[in-house]
Amino acid sequence: MGFFSSKKEDKLPEWYAQVKENQERFFVFLDKMENKMMELCEASIPELTELYKNDPDIFHREYGRLKAGVLGQLEQIREKVDDVHEEKILDLYSEINHSGVRATHPHYGLLNDFRNQCGDRYRQQFEVKLEEWTDKINETSAEDLEIKYQNVLKEYDAIKDKFTCKQCGSPITIEKIFLIETFVNCPSCNTQNTFSPSTQAQMLQHFAQDLARQRTASLYQAIRNAEQKERDLYQKMHELKLKITFEKDKKLAAQYQQQRDAFEKERQEAIDSLPVLSEQYTRAKYAEWIKIVPDFKEHLLTRMENDLGAVSPRW
Amino acid sequence: MSEEKKVNSFLENLKKKAKEQKQYGGETKIVEAKMDVRDCPNCGAGRAQQDGLTHCAYCGFEFLSVKLTDGIYVKKEDNSQ
């Protein structure tokens with residue numbers, strides 16, 4: 001042992017046992033919560049899918065309530081995990097940190113690892129799984145709206161020449177798909193008849209936006225991909241920055257810097273593409289929406305202008 | 001109680017509650033498209049487009065107590081003079 005080497009640095013600190021125990025217990029707790037989440041979702045998904053298909057209510061309200069209950073339960077699990085993370089990990093970290101184990105302390109690495117490993121386990125595994133389950137729960141109401149739309153068109157073709165004037169009996173042609181009750185003029189006697197569209201036709205305005213989204217989903221995905229690309233490149237650049245900081249070989253450091261510059265260029269391109277992609281998606285979605293319900297054109301164009309002015313793209 | 005049983009009973013309970021809860025806005029009915037006409041209940045006259053929709057052109061009976069503004073299908077020109 002050298003004259004200046006300190007026993008204090010080699011020996012594990014007193015608080016380490018507590019840190020280790022909390023970390024192990026936190027990981028076991030997360031495993032348990034993930035299992036709970038999986039069991040709940042695996043049992044709920046078939047029930048929700050079945051209920052959505054068989055719910056006679058056109059607004060699927062019973063299904064909506066059941067789904068809200070399941071999602072609420074998932075949210076409770078998230079809150080519980082967040083509380084435990086706060087209390088058992090972050091509070092303990094702060095306590096030890098404030099007792100003097102600062103960034104320059106020889107044992108700070110142990111403390112920092114404890115916080116980072118717990119944070120990574122929480123965010124990169126638990127949160128990802130929670131998001132995946134939430135998406136699967138939301139997908140239980142997924143349906144091909146194109147089929148629903150085709151049914152509305154078929155029904156319109158079948159009924160458009162079926163009606164006669166209630167006053168004089170002359171045939172009245174329904175000129176387009178009406179979404180709400182409307183007055184229809186008899187061309188022979190000028191009487192105002194009231195035409196009530198079927199429930200199916202009335203529902204068109206409620207699913208028109210979702211159908212437009214379905215038709216332009218690839219454009220929306222392009223936005224998400226560009227956002228993800230930017231995040232991934234940022235992460236890679238961050239890792240390179242750390243390497244550069246600690247690299248003693250100047251040649252290697254210069255190589256890392258070159259690589260980092262190339263990533264930054266690519267990242268900037270991704271950032272610059274976002275408003276363009278966003279505008280493409282918004283315009284395409286509204287064009288489809290207007291095609292489905294042309295009666296709302298004026299209103300939808302105003303709404304599109306508002307969406308185009310929004311900071312982040314609107315789904 | 002095992003975890004599986006707990007989940008099932010939780011889900012059953014949730015399903016029961018979702019079913020029992022009263023529909024906000026009432027039950028919905030599935031209806032077919034139909035055509036109707038409303039004659040004046042006061043004098044029996046029919047309603048013609050050129051006379052406007054809010055009042056009977058013959059006896060002045062008030063069909064609609066609101067002043068119509070431009071909407072998707074109804075326009076402000078549809079107010080009776």
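The values are calculated or read from the model by the stated rules, or taken from the named source; none is laboratory data. Remember, predicted model here, so these are calculated numbers, not experimental data. As a convention, Cβ positions derive from the backbone with ideal geometry for all residues, glycine included, and neighbour counts pool all protein chains shown.
Please work out which residue is modelled with the lowest pLDDT, limiting yourself to the stretch B:1-15 and to residues that are more than 7 Å from chain A (Cβ to nearest Cβ) and more than 15 Å from A:GLN73 (Cβ to Cβ). Let's see the steps before the verdict.
Within the stretch B:1-15, the subset more than 7 Å from chain A (Cβ to nearest Cβ) is B:1-2, B:5-6, B:9-10, B:12-13.
Remaining after also requiring more than 15 Å from A:GLN73 (Cβ to Cβ): B:1-2, B:5.
Working: B:MET1: 58, B:SER2: 70, B:LYS5: 78.
Of everything passing the filter in the stretch B:1-15, B:MET1 is modelled with the lowest pLDDT.
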Checklist outcome for this item: Note on the stretch A:78-105: residues surrounded by fewer than 16 Cβ atoms within 10 Å (Cβ to Cβ), assigned to a helix (DSSP H, G or I) and among the polar types (S, T, N, Q) are A:SER94
Checklist entry - Which residues, taken from the stretch B:18-39, are surrounded by 12 or more Cβ atoms within 10 Å (Cβ to Cβ), under 24 Å from A:LEU51 (Cα atoms) and more than 7 Å from every other protein chain (Cβ to nearest Cβ)? => result none
Checklist entry - Hey, any hits in the stretch A:245-265 for a residue that's assigned to a helix (DSSP H, G or I) and closer than 30 Å to A:GLY309 by Cβ? => result yes
Checklist entry - Does the stretch A:144-155 contain at least one residue that is surrounded by 18 or more Cβ atoms within 10 Å (Cβ to Cβ) and more than 30 Å from A:PRO46 (Cβ to Cβ)? => result no
Item to check | Residue, nearest to A:LYS20 (Cα to Cα), within the stretch A:69-112, restricted to residues that are β-branched (Val, Ile, Thr) and more than 34 Å from the chain's Cα centre (by Cα) | outcome: A:ILE96
Item to check | Within the stretch A:189-201, considering residues that are crowded, with 20+ Cβ neighbours inside 10 Å and not hydrophobic (A, V, I, L, M, F, W, C), the one nearest to A:TYR156 (Cα to Cα) | outcome: A:PRO197
Next on the checklist: Yes or no: the stretch A:295-303 includes at least one residue that is farther than 15 Å from A:TRP315 by Cβ, assigned to a helix (DSSP H, G or I), over 29 Å from the mean Cα position of the chain (by Cα) and without any contact (Cβ under 8 Å) to a residue 40 or more places away in the chain.
Outcome noted: yes
Item to check | Leading residue by the ranking (surrounded by the fewest Cβ atoms within 10 Å (Cβ to Cβ)) among those in the stretch B:4-17 that are among the hydrophobic types (A, V, I, L, M, F, W, C) and closer than 19 Å to A:GLU62 by Cα | outcome: B:PHE10
Checklist outcome for this item: When every residue in the stretch B:43-55 that is on the phi < 0 side of the Ramachandran plot and surrounded by fewer than 13 Cβ atoms within 10 Å (Cβ to Cβ) is compared, the one farthest from the other protein chains (Cβ to nearest Cβ) is B:CYS43
